[in-house]
Every structure is written in C-alpha cells, then in structure tokens.
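Undergrad: My questions will all concern the structure given below.
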Amino acid sequence: GTANVGVVGLAVMGSNLARNLASREGNTVAVFNRTEEKTRALLDEHPEAGFVPASTYEEFAARLSKPRTAIIMVKAGAGTDAVIDELLRVFEPGDIIVDGGNAYFPDTIRREKAVRETGVNFVGAGISGGEEGALTGPSIMPGGSDESWATLGPILKSIAAVAEGEPCVTHVGRDGAGHFVKMVHNGIEYADMQLIAEAYDLIRRGTGRSPAEIAEIFAEWNTGDLESYLIEITAEVLRQADAETGKPLVDVILDQAGAKGTGAWTVQTALSLGVPVSGIAEATFARSLSSHPEQRAAAADLPGPQEPSLATETEGFIEDVRLALFASKIVAYSQGFDEIRAGAAEHAWNIDPGAIAKIWRGGCIIRAQFLNRIADAYAAEPDLPLLMTAPYFTEALSRGQAAWRRVVVAAARAGIPAPAFSSSLSYYDGIRADRLPAALVQGQRDYFGAHTYKRVDKPGTFHRLWSGDRTEVEV
Ligand code: 6PG
C-alpha cells in the first residue's frame with residue numbers, strides 16, 4: 001500500500017478531513033465512499049490532494065500501508081457499525097479503525113470491545129470544529145489504546161488546530177473516553193450558545209438596542225474576558241441583514257432551535273452520574289421549549305408582569321449582562337468539567353482535565369482564551385474539586401455576582417426568560433450554601449418511606465417512628 005491513512009465517507013466533513021490530511025507533509029490519503037460518484041467528484045475537484053481512490057473495501061485495504069489506519073466519517077449510528085463490519089473483513093490484527101463521527105460514547109465502548117476481540121484497534125475520536133475546522137484544523141479528542149495512539153498520534157497532530165504552539169489533540173483515555181469528552185464539549189457548547197442568546201435577548205428587550213447595535217456590543221466583548229469563537233460569530237450573525245426583506249436576519253429566522261442529540265446525551269449522562277449540569281440542562285431544555293409552536297401558541301395569552309420594568313440606566317445594565325454572562329459561563333464550564341471528572345471515575349479513564357482545556361483552546365466550537373485559565377487552574381491544583389473554586393474563577397465570580405443578581409431580578413421583573421442565567425446563579429448559591437433544605441427533604445423521605453437520615457452531631461443512620469410515638473431509632 002502507498003497511503004499511510006484512509007478516509008471512509010466523503011460527505012462534507014469526510015472530504016474536508018481527507019483534504020486536510022492530504023495537505024500535510026508526509027501524508028498520502030486513500031479515500032472510499034459507498035457511492036463511487038462522490039469519490040470521483042472529490043478527485044476531480046481536488047487533484048492537488050493526490051488522493052488514492054478505492055472502489056471496494058478490498059482495494060481500500062490494499063492501498064494502505066501497515067498498520068492500516070482508516071478514519072470513518074459517516075453519520076453516527078447504524079452506518080458506523082456497517083462500515084466497521086466491512087473494514088473488519090479486509091483489515092488485519094494491529095490495524096486501526098478510527099470513528100471520527102459524533103458517536104454516543106456507550107456505542108464506542110461497545111464497538112471498541114467487539115473490534116478489539118479481532119485484534120484490530122478501535123479508536124473513537126471526537127472531532128470538533130465543523131466543516132471549516134475539519135479542513136483547516138479541528139480539535140480532536142481520541143480515545144482507544146496506547147498502541148493505536150502511537151501510530152495515530154502523529155497523524156492527528158499533523159491535522160489538528162494549533163493553539164499557542166501546541167496541537168489541539170491529546171490521547172484522552174481508553175475506549176469511549178474521547179467521545180465522552182466530545183459529548184461534554186457539545187453540552188458546554190449548548191450552554192455557551194444559550195447564555196449568549198439570553199444576553200442578546202435581555203439587551204434587546206431590556207434596552208431596545210437593535211441587532212446591529214448589539215453586534216457591536218458583542219464585538220466589543222470579544223476583546224475582553226469573553227473573547228471566544230461563539231461571541232465572534234454571534235456578532236457576525238447579528239450584523240447580517242436579510243436581502244429579501246431588509247430586516248435583520250435574526251428577525252426572519254424561525255425561532256425554533258434544532259438539536260442533533262449531543263446536548264441531551266450530556267444531560268442524560270450527567271443525570272445517571274449524579275452530576276448537576278444545570279446550565280447545560282437548561283440550555284438543552286430551552287431548545288426543546290422553543291420547538292413546540294402549538295404549546296407556545298396556546299400559552300401566548302398567559303399574563304406577563306403588570307408593569308414590565310425595563311432597565312433604565314442602559315449602559316450599566318449592559319455591563320451587568322456582560323458580567324452575568326461571564327459568571328454563568330464559569331458555572332457552565334465548571335459543571336462540564338465536573339461531568340468529565342465523574343465520567344472518568346465511573347469508567348476508570350485517566351482523563352487529564354488540564355489537557356482537555358488545552359486542546360479546546362483551538363479548532364473547536366467553544367475555543368476561547370478562557371480555556372487557558374482552566375488549564376492554569378488544573379496545573380496549579382490537579383485534584384481541584386470544582387473548577388469554579390480555583391482562585392481566578394472565585395475572583396471573577398465575586399466580581400460579577402452582584403451584577404448577576406441584578407440581571408436575574410431584572411429578567412424576572414420584565415418577564416424575559418433567562419433560564420441559563422438564573423439556573424447558574426441558583427447553582428452558585430446552592431453549592432456555596434452553608435446549609436441546604438436537603439435536610440428537610442431527608443425528613444420527608446424518612447416520613448413516607450423510612451428512607452432514614454444522618455445527623456450533623458453524631459455518626460450513624462436514624463429513623464423516626466413517624467407512625468408510632470415519633471421517637472428516633474438508630475438503624
Ligand atoms: C462541533 C459541533 C458539531 C455540531 C453538532 C451539534 O464540535 O463541531 O459541536 O459536532 O455542530 O452536531 O449540533 P446540534 O446543535 O445540532 O446538536
């Protein structure tokens with residue numbers, strides 16, 4: 001074989017990744033697609049890439065040097081299993097199959113186990129950065145064995161984005177670890193997007209600024225603490241006018257948010273791990289709420305506040321929103337990293353949170369300067385119990401908390417929904433609370449189900465004889 005790496009699945013993400021691979025020194029790329037026209041089209045459009053085409057899996061395997069390395073770029077799901085089966089027919093022990101799709105991590109764990117039994121290595125690799133990232137440099141989150149990383153590492157490093165001189169790829173951990181981390185990346189992406197959307201809504205409805213004016217506010221914010229790809233593209237989107245109507249584009253886009261499922265997976269997984277990712281959950285639910293037009297129409301007549309009190313001192317309000325956005329963002333990332341910690345513990349993955357923060361600095365959708373602060377926090381304290389308790393974040397939260405409260409109050413007064421802002425603030429107040437009403441919940445549980453409780457003043461487990469004389473017994 002003459003190619004050192006192959007790509008199966010030549011839709012946009014696959015062909016862009018193949019072109020990225022081909023553009024890097026030392027790579028020769030074999031390409032295969034189920035329908036051959038796509039392969040032909042890619043070869044015709046990109047003769048410079050020097051692709052090695054294959055029209056059957058046998059031919060594809062024959063074109064690859066050993067150990068063979070194939071990256072599958074098909075829509076996550078049954079198609080992935082079908083391609084794996086085909087590759088297993090023609091691959092040999094020691095070869096490497098990489099799934100670069102947005103697979104659900106339990107599927108990756110299952111596939112890795114099954115493929116490993118044949119002697120072939122299986123690597124589930126999260127790839128972030130959309131179509132452009134695939135072409136110019138994504139952030140890559142590979143799982144799998146150390147053995148496969150030895151071969152795959154240099155190839156992935158050659159195509160990944162570079163942040164501060166370092167490639168945005170690291171060996172995340174065994175089997176499903178890479179796809180798990182990519183899933184949490186997407187959950188954080190949902191939270192980041194929702195927080196930005198709430199900030200926009202609050203400023204627009206709270207101060208009457210136009211989308212174009214708010215675009216300038218976001219552009220300005222992008223020069224400070226909030227600097228990030230998502231803030232940058234938000235300004236671009238808000239600046240855009242609709243050619244047909246002349247209206248701001250954001251006013252002609254139907255306000256029903258789609259979702260392909262990765263946010264929901266993040267929340268479902270967090271629920272089973274017992275990790276409160278409330279910001280990510282609210283962001284996911286906000287998309288669901290938006291997507292029920294019949295319910296929204298039925299609820300449209302429900303009353304709002306008597307006298308919606310809009311912000312009066314608008315400059316101050318806008319700065320408050322900026323501070324509230326930053327504080328809520330810290331909570332969302334802290335919750336996301338908490339889920340990574342819990343997932344790693346559950347699956348015995350040795351995930352380095354600081355390394356994850358570093359590979360998210362470039363290439364991916366949530367890329368931001370901010371990720372440097374997270375990497376610093378874990379470098380200073382690798383066993384940090386909660387990201388937001390690191391000094392930099394504690395300081396930012398104390399600087400922002402008064403503004404954050406004012407914004408949540410203003411939102412409630414004006415009847416503007418701010419689910420991610422307010423749930424993040426509640427999380428903040430919950431996690432820092434000296435005492436929580438969980439004590440009362442324990443009392444209720446003991447009352448109706450004899451679920452027992454512990455005491456603050458002595459060890460042991462207790463139950464009250466609620467249906468008897470109400471004395472306490474140790475159980
Ligand atoms: C990325 C993105 C990418 C994607 C998802 C999310 O990291 O490059 O997260 O994976 O756009 O499909 O899409 P939804 O918003 O449709 O769930």
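Just so you know, all these numbers are worked out from the coordinates, no wet-lab data involved. Keep in mind that this is a model prediction, so the values were computed, not measured. Neighbour counts are summed over all protein chains in view; Cβ atoms, including those assigned to glycine, are modelled from backbone coordinates with ideal geometry.
Undergrad: Going through Ala344, Ala298 one at a time, which residue ends up being within 30 Å of Gly178 (Cα to Cα), assigned to a helix (DSSP H, G or I) and not basic (Lys, Arg)?
TA: Exactly one of Ala344, Ala298 is within 30 Å of Gly178 (Cα to Cα), assigned to a helix (DSSP H, G or I) and not basic (Lys, Arg), namely Ala344.
Undergrad: Now for a different question. Which one is nearest to the ligand (Cβ to nearest atom) among residues in the range 262-288 that are without any contact (Cβ under 8 Å) to a residue 24 or more places away in the chain and surrounded by 14 or more Cβ atoms within 10 Å (Cβ to Cβ)?
TA: Ala264
Undergrad: Which of the residues spanning the range 314-368 are surrounded by fewer than 23 Cβ atoms within 10 Å (Cβ to Cβ) and among the polar types (S, T, N, Q)?
TA: Thr314, Asn350
Undergrad: Just checking, which of Ala125, Ala70 is crowded, with 24+ Cβ neighbours inside 10 Å, in contact (Cβ under 8 Å) with a residue 60 or more places away in the chain and at negative phi? Give the steps one after another, and end with the answer.
TA: On the way: Ala125 fails: in contact (Cβ under 8 Å) with a residue 60 or more places away in the chain.
Criteria check complete, one pass: Ala70.
Undergrad: Scan the range 166-215 for residues that are in contact with a His (Cβ under 9 Å, 6 or more places away or on another chain) and at positive phi and jot them down.
TA: Result: Gly173, Asp175.
Undergrad: Right, something else. Which condition does Gly336 not pass, out of (1) in a helix (DSSP H, G or I); (2) over 21 Å from Val275 (Cα atoms); (3) within 16 Å of the ligand (Cβ to nearest atom), if it passes all the others?
TA: Single failed check for Gly336: (2).
Undergrad: Within the range 128-151, how many residues are among the β-branched types (Val, Ile, Thr) and either within 18 Å of the chain's Cα centre (by Cα) or crowded, with 19+ Cβ neighbours inside 10 Å (or both)?
TA: Looking only at that region, the number is 2.
Undergrad: Need a quick list: helices (runs of 4 or more DSSP H) entirely within the range 71-186 having at least 3 residues that are closer than 21 Å to Phe32 by Cα and within 16 Å of the ligand (Cβ to nearest atom). Working first, answer last.
TA: Details: elements: 78-90, 105-116, 130-136, 146-159.
The qualifying helices (runs of 4 or more DSSP H) are 130-136.
Undergrad: Can you pull out the residues in the range 345-385 that are under 17 Å from Asn186 (Cβ atoms) and in contact with a Gly (Cβ under 6 Å, 6 or more places away or on another chain)?
TA: Result: Ile351, Gly363, Cys364.
Undergrad: More than 19 Å from Ile127 (Cα to Cα), in contact (Cβ under 8 Å) with a residue 12 or more places away in the chain and not in a helix (DSSP H, G or I): is that true of Glu58 in this structure?
TA: For Glu58, the condition - more than 19 Å from Ile127 (Cα to Cα), in contact (Cβ under 8 Å) with a residue 12 or more places away in the chain and not in a helix (DSSP H, G or I) - is not met.
Undergrad: Related question: Going by what's in this entry, would Leu271 be described as in contact with a Pro (Cβ under 8 Å, 6 or more places away or on another chain) and not in a loop (DSSP other than H, G, I, E, B)?
TA: So Leu271 does not fit the description; no.
Undergrad: Here is a list of conditions, (1) under 19 Å from Glu319 (Cβ atoms); (2) of a type in the set (A, V, I, L, M); (3) part of a helix (DSSP H, G or I); (4) in contact (Cβ under 8 Å) with a residue 24 or more places away in the chain, and Ala379 meets all of them except one; can you say which number that is?
TA: The single condition Ala379 does not satisfy is (1).
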